[in-house]
Structure formats: C-alpha cells, structure tokens
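What follows is a set of notes on a single structure, which appears directly below.
The values are calculated or read from the model by the stated rules, or taken from the named source; none is laboratory data. All figures in this text were calculated on a predicted structure; none of them were measured in a lab. All Cβ positions, glycine included, derive from the backbone under ideal geometry; neighbour counts span all protein chains shown.
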Amino acid sequence: MRNKIVTAAEAVQRIHDGDTVATGGFVGVGFAENIAVALEQRFTSTGLPRKLTLIYAAGQGRATAPTAA
C-alpha cells in the first residue's frame, strides 16, 4: 500500500494550471495554511501553477483584524 501522507510541498506539486482548489473550515480553524504557504512558495519560485480557481467556504487566515495606524 502506498503512503497517503505527504508534505505540503509534495501536495501542491499535484496542483496543475487551471485546477480548482477548495478548502473547508471557518476562519483560521480547519484552514490548510501550510498548503496555502507551499502553493505561494511554489508559485513565487516557478510561476506555476497559473489560472487557479480558489474556493473557500468562509474567510481564511488569522481571526484578527489589522491594527489601524
């Protein structure tokens, strides 16, 4: 049986140009932040993948608002 656990960097290698990427969770809970970071790192270093459709069930990221200056 093949190991089904992969790193975030390995997972984003399976995302191709034009793919749709969906995540679940609500705000910071359940959001696959390591996948998002690995996808960003891959894109900034290679320019790929391009033309993705990203679907979020709710707002993603940290649950704190930016501080006003």
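At-a-glance table
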read-out: Every pair of residues 6+ apart whose Cβ atoms lie under 6 Å, when the first sits in region 15-41 and is more than 15 Å from Leu52 (Cβ to Cβ) and modelled with pLDDT of 85 or more while the second is surrounded by 13 or more Cβ atoms within 10 Å (Cβ to Cβ) and of a type in the set (A, V, I, L, M, F, W, C); value: Asn34/Ala8
read-out: Hits in region 51-61 - residues which are surrounded by 11 or more Cβ atoms within 10 Å (Cβ to Cβ) and at pLDDT 75 or above; value: Leu52, Leu54, Tyr56
